[in-house]
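**Q** To start, I am sharing the structure in question, which I have written as structure tokens.
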Amino acid sequence: MTVQATLLDDLTAMLGSGGLLTDTDDMERYCVDWPGYRGAEPLAVARPATTRQVADVVSYCHRHDVALVPQGGHSGLVGGALPDVERPELVVSLERMTAIRDIDPINFTMSVDGGCILQSVKDAAEAADCDFPLSLGAQGSCQIGGNVSTNAGGLNVLRYGMMRQLVLGLEVVLPDGRIYNGMKALHKDNTGYDLKQLFIGAEGTLGIVTGAVLKLFPRPQVSRSALLACPSVAAVLELYALARRSCCDLLTAFELVPRACLELAMEAAPDLRDPLDAPAPYYVLMEASASGPADLDTMIEDLFERGLAAGQLTDGVLATSEAQAGNLWRIREAMLEGQRNRGEHLRTDVSLPISSLTAFHQRAADAIQTLSPQATIIAYGHIGDGNLHFNILPPPGLDPDERSSLLHELEERLFEIVADFDGSISAEHGIGRFKQAAFLETLSEPEYDIMRGLKRLLDPRYLISPGRILPRPAE
């Protein structure tokens with residue numbers, strides 16, 4: 001028997017019926033993610049149903065020198081979960097591990113499997129009169145293990161923080177198959193190193209997240225959404241500072257949406273209508289919410305009046321029903337689909353100090369227009385946490401090689417400007433494989449040594465997610 005045949009037989013015996021996929025057609029969807037990026041065909045797709053089965057698979061791969069890559073809901077944007085094209089890998093999918101293990105509405109915690117879909121977590125929290133605030137466009141398909149491994153951000157970081165702030169405990173299968181059980185539902189624990197933080201944002205390179213204890217919050221009883229028209233990015237930033245002060249601590253989301261993004265949204269979802277009578281160069285999508293009695297209408301109307309008087313906004317609409325609020329936030333989702341429909345383009349998720357966003361936006365826009373005057377800039381994002389998705393649609397009519405070359409040149413220039421502002425090339429998407437070269441250029445020697453040391457400590461043979469974040473060592 002060949003080595004691969006032995007591997008498949010052993011894994012089939014280990015995982016049982018339906019636990020291992022080997023047919024090319026069955027494995028097709030594990031080779032492509034939401035943006036359309038494609039990886040190689042894997043050795044097989046292992047679908048363990050328990051943490052113990054994950055540990056058995058990983059231990060087997062460790063003993064037999066088989067590379068593997070954990071995979072969540074296929075919504076990654078940096079190629080980190082796609083099977084490698086250079087070295088055959090086993091995909092380990094947690095899609096069968098979907099249990100909500102425990103909900104404690106007094107402790108405001110929930111324990112879940114790593115493969116649990118984010119929307120299922122949010123629904124279960126709501127049923128317990130609680131709220132899990134992570135909010136992503138992909139929440140109907142992304143998994144908690146992936147959210148943890150990429151330190152997911154989303155719309156509500158302004159108020160609730162990144163995934164790093166929403167995790168109290170983790171269960172992780174280490175690269176040698178041992179299980180790290182840190183599933184403590186403690187809000188305070190100051191005993192030594194905080195080991196769970198090693199795995200949050202590690203993109204599956206240090207272990208496979210099979211369980212998590214999540215922090216819950218009181219369920220909002222009242223919520224208000226508004227769309228505001230602004231004359232400039234500078235006005236948006238001034239309005240943000242005003243909103244932070246006038247909306248107390250109830251401001252949940254504050255999103256910059258340029259006119260080009262609104263048009264992309266209406267292009268992708270023809271039933272969407274322009275919410276305001278006259279177009280504006282920029283818009284703000286904002287939300288405020290409260291878990292108790294609060295007069296949000298008066299609060300936002302006061303913001304309108306003060307913003308109008310200061311010239312920070314020119315028009316606006318306050319949603320008066322859940323349906324109207326839903327239509328406003330559909331703009332934020334549909335514009336992503338509109339971008340994808342335009343084909344290959346530059347996606348970024350840079351972060352800057354909030355006070356630097358206006359200057360960065362102007363300088364970056366000038367640089368991109370100089371390099372490619374016909375390119376379309378669609379810079380939008382989470383103003384409240386300094387995360388700007390400075391995306392670029394290339395000019396139409398370029399052949400694939402010309403397009404790829406141009407996008408690479410534009411990305412390099414953009415990242416140079418990010419560095420000038422002491423920013424980050426990734427606020428929430430991660431590094432994966434696609435951003436590795438740019439990431440390595442930003443690392444100091446001590447940073448690189450620490451990261452490489454952690455990888456070598458936990459995975460000295462680089463068998464789990466090899467080549468992601470850090471390159472494989474030369475053989």
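**Q** Which of the numbered conditions does GLY316 fail, given that it passes all the others? Conditions: (1) within 22 Å of PRO270 (Cα to Cα); (2) at pLDDT 95 or above; (3) under 21 Å from the mean Cα position of the chain (by Cα).
**A** Going through (1) within 22 Å of PRO270 (Cα to Cα); (2) at pLDDT 95 or above; (3) under 21 Å from the mean Cα position of the chain (by Cα) one by one, GLY316 breaks only (3).
**Q** Continuing with this model, one more query. Could you grab me the full set of residues in segment 443-475 that are free of Cβ contacts under 8 Å to residues at least 24 places away in the same chain, open to solvent by 40 Å² or more (accessible area, probe 1.4 Å) and more than 19 Å from CYS61 (Cβ to Cβ)?
**A** Those that are free of Cβ contacts under 8 Å to residues at least 24 places away in the same chain, open to solvent by 40 Å² or more (accessible area, probe 1.4 Å) and more than 19 Å from CYS61 (Cβ to Cβ): SER444, GLU445, PRO446, GLU447, TYR448, ASP449, ILE450, MET451, ARG452, ALA474.
**Q** Which of the residues that make up segment 167-186 are open to solvent by 30 Å² or more (accessible area, probe 1.4 Å) and in contact (Cβ under 8 Å) with a residue 60 or more places away in the chain?
**A** Residues satisfying the conditions are ASP176, ARG178, ILE179, MET183, ALA185.
**Q** Check every one of the strands (runs of 3 or more DSSP E) wholly within segment 167-221 and list those with 3 or more residues that are touching a Pro at 6+ places or on another chain (Cβ under 9 Å) and within 26 Å of LEU77 (Cβ to Cβ).
**A** Strands (runs of 3 or more DSSP E) meeting the threshold: 208-215.
**Q** Residues being outside any helix (DSSP H, G or I) and modelled with pLDDT under 95: count how many of those fall in segment 225-250. Walk me through it before giving the result.
**A** The first filter runs over segment 225-250 and keeps only residues outside any helix (DSSP H, G or I), leaving 225-232, 247-250.
Filter again for modelled with pLDDT under 95, leaving 247-250.
The total comes to 4.
**Q** Next question, about the same structure. Any idea which of ASP10, ASP25 is in a helix (DSSP H, G or I), closer than 28 Å to PRO460 by Cβ and open to solvent by 10 Å² or more (accessible area, probe 1.4 Å)?
**A** ASP10
**Q** Hey, another quick one. Working carefully through the options GLU475, GLU447, GLU441, GLU411, find the one that is more than 25 Å from MET163 (Cβ to Cβ), modelled with pLDDT of 95 or more and either of a type in the set (D, E, K, R) or in a helix (DSSP H, G or I) (or both).
**A** The match here is GLU411.
**Q** Given the structure, is SER404 modelled with pLDDT under 95, under 24 Å from the mean Cα position of the chain (by Cα) and surrounded by fewer than 20 Cβ atoms within 10 Å (Cβ to Cβ)?
**A** Judged against the criteria, SER404 is a match.
**Q** Enumerate the strands (runs of 3 or more DSSP E) found wholly within segment 48-135, keeping only those where 1 or more residues are out of contact with any helix residue (DSSP H, G or I) (no Cβ under 8 Å at 6 or more places or on another chain), open to solvent by less than 60 Å² (accessible area, probe 1.4 Å) and at pLDDT 95 or above.
**A** 68-71, 100-104, 109-113
The values are calculated or read from the model by the stated rules, or taken from the named source; none is laboratory data. From a predicted model like this one, the values you see are computed outputs, not experimental measurements. Reconstructed Cβ throughout: ideal geometry from the backbone, glycine too, with neighbour counts over all protein chains shown. Protein only, heavy atoms only, side chains kept; ligands, DNA and RNA dropped before computing areas. Shrake-Rupley method; radii C 1.70, N 1.55, O 1.52, S 1.80 Å.
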